[in-house]
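> Dropping a structure here in structure tokens format, bear with me for questions.
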2 protein chains.
Amino acid sequence: MTDALLNERELSFQLYELLDTEVLLQRPRYAEHDRPVFDATLQTARTIAAEYFAPHNQKADAHEPTFDGEKVKLIPETKAAWDAFAEAGFLAAHHNAEDGGLQLPEVILRASMAYFNAANIATVAYSFLTIGAANLVKSFASDSLRQRFLPAMLDGRFSGTMALTEPGQGSALGDLRTLARPHEDGSYRLFGQKMFISGGDHELTDNIVHMVLARIEGAPAGTRGISLFLVPKILVDDDGQIGARNDVALAGLLHKLGYRNTTSTVLNFGEDTGAIGYLVGEANKGLSYMFQMMNEARIGVALGASALAYQSFIHALDYARERPQGRLPGSKDPLSAQVRIVEHADVRRMLLQQKTYAEGSLALCLYASSLYEDAHTAPEPQARSDASELLDLLIPMVKSYPSKYGVIASDIGVQILGGSGYIREYPLEQFYRDNRLNPIHEGTEGIHGLDLLGRKLQQNGGAGYRLFCQQVRLGLEQAGRDDNCAALAYLLSGALDRLQEVTESLLGQVAADAHSGLSNATPYLDLFGRVLVGWLWLRMALVASRALSAGANGSEADFYNGKLQAARYFMDWELAGIDAQARLLASANRTSLDMQDQWF
Amino acid sequence: MTDALLNERELSFQLYELLDTEVLLQRPRYAEHDRPVFDATLQTARTIAAEYFAPHNQKADAHEPTFDGEKVKLIPETKAAWDAFAEAGFLAAHHNAEDGGLQLPEVILRASMAYFNAANIATVAYSFLTIGAANLVKSFASDSLRQRFLPAMLDGRFSGTMALTEPGQGSALGDLRTLARPHEDGSYRLFGQKMFISGGDHELTDNIVHMVLARIEGAPAGTRGISLFLVPKILVDDDGQIGARNDVALAGLLHKLGYRNTTSTVLNFGEDTGAIGYLVGEANKGLSYMFQMMNEARIGVALGASALAYQSFIHALDYARERPQGRLPGSKDPLSAQVRIVEHADVRRMLLQQKTYAEGSLALCLYASSLYEDAHTAPEPQARSDASELLDLLIPMVKSYPSKYGVIASDIGVQILGGSGYIREYPLEQFYRDNRLNPIHEGTEGIHGLDLLGRKLQQNGGAGYRLFCQQVRLGLEQAGRDDNCAALAYLLSGALDRLQEVTESLLGQVAADAHSGLSNATPYLDLFGRVLVGWLWLRMALVASRALSAGANGSEADFYNGKLQAARYFMDWELAGIDAQARLLASANRTSLDMQDQWF
């Protein structure tokens, strides 16, 4: 069995051939770095992931966290991995040097994170959540809160969580009921229950910093009355020293299908006198702060889905290359040697499908990270604003495509191994279980479909959508002039036409009636996602074609030929249903809308 | 949480309105029965499933079988369930009264089995396997073997297995290497290892009867040299009394993703002097005997997949009807009440999808069972032979469609519950894990695609395929004259045209070159399956439409309206991609075939 986490050649292709990551070195923020620094960062991530994360991935799954009524216990390898991650500086890697960070660009850190996700997504979730919580503190908390909490979150003494969901509310944040009562000392006392809080309790760190959404007593109903609070598990004095327990209690652990080493908790805030919490930023603006962080979290979840898809692909390919079974159709001699299953056309079809999902998803996440980077550090204000518009538009697909198709890639991995894919003696079934979480957290497809069609498309006068169409047209034009890519561009061009027609139609439907107009938002999201990933595959094909024309040979030619063939597969098979899907959407198909509860 | 196993109204619709099960009462074999007997049988199945199988489904999953080096231990509820099943006569229910059976028709027993599958698929697998093994003994074993083994297999003292797969061979049975050496007493001594043998060891019964495929010393290579042996775990004398252990040893248990209460074993035959085995039927004809049983086993696996899909649907629907969350688009008042999630169009879309997969799959399995019944008991020889041809043609889709789409229905069940779908505190994640086995055992899609396109379509001059097309055309004609169904018939008619065109094209491709012609057999199988299930949905819609015209009202009208709406969903959304898929197949798309191993 292979122990590869990702394909290094693939990663360098994506970072330096598909994306122009080296151009970042010209920006002032990265002027001190060079390409070897980027590569060394990736190498460090790979080494730590292989040494501290991968070895206990299966063990942690088989020995999930337990709660004895007092403490949550994780297998000890988890703590060693947490420490190694922190000591290498990854918790603070994107922060400025003056704040103790490594001042590295987003896209390099995302690529690094892909190694950790591939190695052990459940263990690295503690780090992932802490980075997100620290970003909230850094961006919106007062200086004094920052000074008390941020240094410990950046060096690994404190971890963090995002505490949004409540039992009675699920995805509809506007209905959350956790109450924050103002206290005379300027802090608040929180009362309420939060559910599905990942990393909500454990003994990995001295403290856990919960970033909690709650409603200040008397605040308006709905999303406009939500505020953000920092609620530590253990109280911290002005010097940053920890003291007494806060009134935050673990009500219980939830037992997941996968991702098992990440505790999923029910937390009670304020069983007694109230959990002491500190307002972050202004009152009633909590949701807008969260939204600013959500793009990050959503790219992060999608990256995890992509990494698990990639693991499923790597392991299935490895098996298919080693496992002899059967003969090719037409070969009737029972004494002839068995062929390796990679020789069977149907297995190659499944591997191609995995490859297009895994590499397409990874490309989408890294492209989104490059937009995030540009939105923050591109030299021209117009470029920053364009990147920001485009990213905002694309986030629903960036989250949803890798999550949906990543699980399919993991499912195919099980299928390629057959009986061996179904047993815990092989790693495929765990990837399948772990990956199944990703279409659920950080917004389901249903939520993102509504966000895309009900909001994002028309945001700022539809600027993001116009930019996207321009970018794809540009790609089509370039690819249309390339012999290897013209036929691919032709197919994608038809799909883009359909997307544009159906978008116009749907926006009209939504304007006429939001309820019916949005009823098919999820299939629309899926259609958009496939066009988007099709565009990335076209770009990858063009890079590959040019490299082949420039004389790539040997294993390099193999690599580029694989890219071209996968792009052909994508345009032929993955875009095939789009015409029919677009017709249903444009005709305002009412089957779901007209279905009645009592008819089920 | 609901404790419903299936929907009784649905089952009676399928048995008595869609299929004409009562017509069986006119056949001599069933002349002693009446409709109340059929209904009482179903009721008994439902009661035993609810009392003895369902209650330990989750417990058995959490406490899977263990092997201490001597014995395999299952939780004790498993034995109680086995006994209740046997005592009710279900092991022998399809056998003739003179052999101690209940002489019940196949389709009633399959419907009964659906209850057990829904309640606890892993526990009932022991019964399912025993029924299959007993059928082999009954059909092909000598009188003396039958007398020694069959009574105990029919009353539950002995259980049975099918031991086909070996570590080095997987789906390619022609390469199996287990050796059978003739012994002077007329029996054989077997040497070899079998893997993934379900129910291969346990303490539920006094004995386990393994039906083993092996190669007699000197037999031809490939599939023509395979013989079938009866190899008991414990030797049995001429009077049927058990004695010493045979040389069959459990090498180990495999640890599955789901279906955990069914032991999956590696068995060593002949570690010492050889496992004593008895030839069943003639030498070198083992595979043909197995094939005669495979139609049964494949319908059985598909039925299990359908039942799990149905469970996922029932539980998701129950949750969607109870869980309040969010508001409908356009409803901006945060103080208004939350709606139950079944009101959200996207949730209704998911439920409709589940309904079409679960009920369509169940209909397909029961239809296939009715063909099996007709092939054996229809009064006219022509009707028997037609049913047999048709069933043989359809088996690849009967096995594959419910297995593939059943897992999707279970996946959607997880998604509808969201975070709750992902945790073991709810049953959805277990259905998802259990159901994932079904696309693997009894032949993957890849295997069935090759079987369909490479063999079944042209079997007996294409008789089965011609019959199928005639049947569908007949259904289209009838539905085309019905106001509610004409539009549905129009859509299915287009899909049938595509299927016929693409079939003709692919048969030409296969004739020209088997390797390339069969390279897209799996997508073809999928296309065929969707047309087939579309036809069943059209038939269900027509029954519903006529019932509504005849004045059905109240909950009956709701039921029939649901059928019509689900049929609309199926024709609109599930058949939508067929044109594009057919174009790819007819154009002999070569992307999978041309992909090279070294390009991955």
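The values are calculated or read from the model by the stated rules, or taken from the named source; none is laboratory data. Note that this is a predicted model, so its numbers are computed, not measured. All Cβ positions, even for glycine, are placed from backbone atoms using ideal geometry, and neighbour counts span all protein chains on display. Ligands, DNA and RNA are excluded from the accessible area calculation, which covers all protein heavy atoms including side chains. Shrake-Rupley method; radii C 1.70, N 1.55, O 1.52, S 1.80 Å.
> If you check every pair at least six apart or on different chains, which have Cβ atoms under 7 Å apart with a residue in region A:348-377 that is more than 10 Å from every other protein chain (Cβ to nearest Cβ) and in a helix (DSSP H, G or I) first and a residue that is surrounded by fewer than 24 Cβ atoms within 10 Å (Cβ to Cβ) and aromatic (Phe, Trp, Tyr) second?
Between residues of region A:348-377 that are more than 10 Å from every other protein chain (Cβ to nearest Cβ) and in a helix (DSSP H, G or I) and residues that are surrounded by fewer than 24 Cβ atoms within 10 Å (Cβ to Cβ) and aromatic (Phe, Trp, Tyr), the close pairs are A:356/A:569.
> State all residues of region B:43-79 that are open to solvent by 60 Å² or more (accessible area, probe 1.4 Å), closer than 27 Å to residue B:252 by Cβ and among the hydroxyl-bearing types (Ser, Thr, Tyr); if no residue qualifies, say none.
Of everything in region B:43-79, just one residue is open to solvent by 60 Å² or more (accessible area, probe 1.4 Å), closer than 27 Å to residue B:252 by Cβ and among the hydroxyl-bearing types (Ser, Thr, Tyr), namely B:66.
> For residues in region B:262-278 being crowded, with 24+ Cβ neighbours inside 10 Å and of a type in the set (A, V, I, L, M), which is farthest from residue B:435 (Cα to Cα)?
In this case the residue turns out to be B:275.
> Among the listed residues A:501, A:556, identify the single one that is farther than 20 Å from residue A:10 by Cα and among the charged types (D, E, K, R).
Values: A:556 fails: farther than 20 Å from residue A:10 by Cα.
Exactly one residue qualifies, and that residue is A:501.
> If you go through region A:402-434, how many residues are more than 9 Å from chain B (Cβ to nearest Cβ) and of a type in the set (Phe, Trp, Tyr)?
Number of matching residues: 3.
> Read through the list (1) surrounded by 24 or more Cβ atoms within 10 Å (Cβ to Cβ); (2) closer than 30 Å to residue B:222 by Cβ; (3) within 8 Å of another protein chain (Cβ to nearest Cβ), then give the number of the only condition that residue A:334 fails.
Residue A:334 satisfies every listed condition except (1).
> Being open to solvent by 60 Å² or more (accessible area, probe 1.4 Å) and assigned to a loop (DSSP other than H, G, I, E, B) is the filter; apply it to region B:187-209 and report the residue that is nearest to residue B:265 (Cα to Cα).
B:203
> Please tell me if residue A:590 is within 25 Å of residue A:20 (Cβ to Cβ) and either within 11 Å of chain B (Cβ to nearest Cβ) or surrounded by fewer than 20 Cβ atoms within 10 Å (Cβ to Cβ) (or both).
Numbers: within 25 Å of residue A:20 (Cβ to Cβ): no; either within 11 Å of chain B (Cβ to nearest Cβ) or surrounded by fewer than 20 Cβ atoms within 10 Å (Cβ to Cβ) (or both): yes.
So residue A:590 fails the test.
> In region A:232-261, what residues are hydrophobic (A, V, I, L, M, F, W, C) and either within 19 Å of residue A:188 (Cα to Cα) or open to solvent by 60 Å² or more (accessible area, probe 1.4 Å) (or both)? Show your work before the answer.
Pass one, region A:232-261, residues hydrophobic (A, V, I, L, M, F, W, C): A:234-236, A:242, A:244, A:248-251, A:253-254, A:257.
Result: A:234, A:235, A:236, A:242, A:244, A:248, A:249.
> In contact (Cβ under 8 Å) with a residue 40 or more places away in the chain and at negative phi, is that true of residue A:196?
Values: in contact (Cβ under 8 Å) with a residue 40 or more places away in the chain: yes; at negative phi: no.
So residue A:196 does not fit the description; no.
> Sort out which residues of region A:217-264 are within 12 Å of chain B (Cβ to nearest Cβ), on the phi > 0 side of the Ramachandran plot and in a loop (DSSP other than H, G, I, E, B), and write them in order of number.
Scanning region A:217-264 gives a single hit, A:259.
> Residue check: is residue A:229 open to solvent by 20 Å² or more (accessible area, probe 1.4 Å), at pLDDT 95 or above and of a type in the set (Phe, Trp, Tyr)? Show your work before the answer.
Working: open to solvent by 20 Å² or more (accessible area, probe 1.4 Å): no; at pLDDT 95 or above: yes; of a type in the set (Phe, Trp, Tyr): yes.
The answer is no for residue A:229.
> Then there is this: Considering only region A:289-327, how many residues are at pLDDT 95 or above, of a type outside the set (Phe, Trp, Tyr) and assigned to a helix (DSSP H, G or I)?
Qualifying residue count, region A:289-327: 22.
> Moving to a separate point now. What residue, of A:119, A:163, A:86, A:133, is of a type in the set (A, V, I, L, M) and open to solvent by 10 Å² or more (accessible area, probe 1.4 Å)?
Working: A:119 fails: open to solvent by 10 Å² or more (accessible area, probe 1.4 Å); A:163 fails: open to solvent by 10 Å² or more (accessible area, probe 1.4 Å); A:133 fails: open to solvent by 10 Å² or more (accessible area, probe 1.4 Å).
Just one listed residue meets the conditions, A:86.
> Can you tell me which of (1) more than 8 Å from chain A (Cβ to nearest Cβ); (2) modelled with pLDDT under 95; (3) open to solvent by less than 30 Å² (accessible area, probe 1.4 Å) is the one residue B:395 doesn't meet?
(2)
> Hey, another quick one. May I ask you to verify whether residue B:389 is in a loop (DSSP other than H, G, I, E, B), among the acidic types (Asp, Glu), open to solvent by 10 Å² or more (accessible area, probe 1.4 Å) and modelled with pLDDT of 95 or more?
Values: in a loop (DSSP other than H, G, I, E, B): no; among the acidic types (Asp, Glu): yes; open to solvent by 10 Å² or more (accessible area, probe 1.4 Å): yes; modelled with pLDDT of 95 or more: yes.
Against the criterion (in a loop (DSSP other than H, G, I, E, B), among the acidic types (Asp, Glu), open to solvent by 10 Å² or more (accessible area, probe 1.4 Å) and modelled with pLDDT of 95 or more), residue B:389 does not qualify.
> Here is a further query. For region B:419-429, name all the residues that are open to solvent by 10 Å² or more (accessible area, probe 1.4 Å) and either without any contact (Cβ under 8 Å) to a residue 24 or more places away in the chain or in contact with a Lys or Arg (Cβ under 8 Å, 6 or more places away or on another chain) (or both).
Those that are open to solvent by 10 Å² or more (accessible area, probe 1.4 Å) and either without any contact (Cβ under 8 Å) to a residue 24 or more places away in the chain or in contact with a Lys or Arg (Cβ under 8 Å, 6 or more places away or on another chain) (or both): B:419, B:424, B:425.
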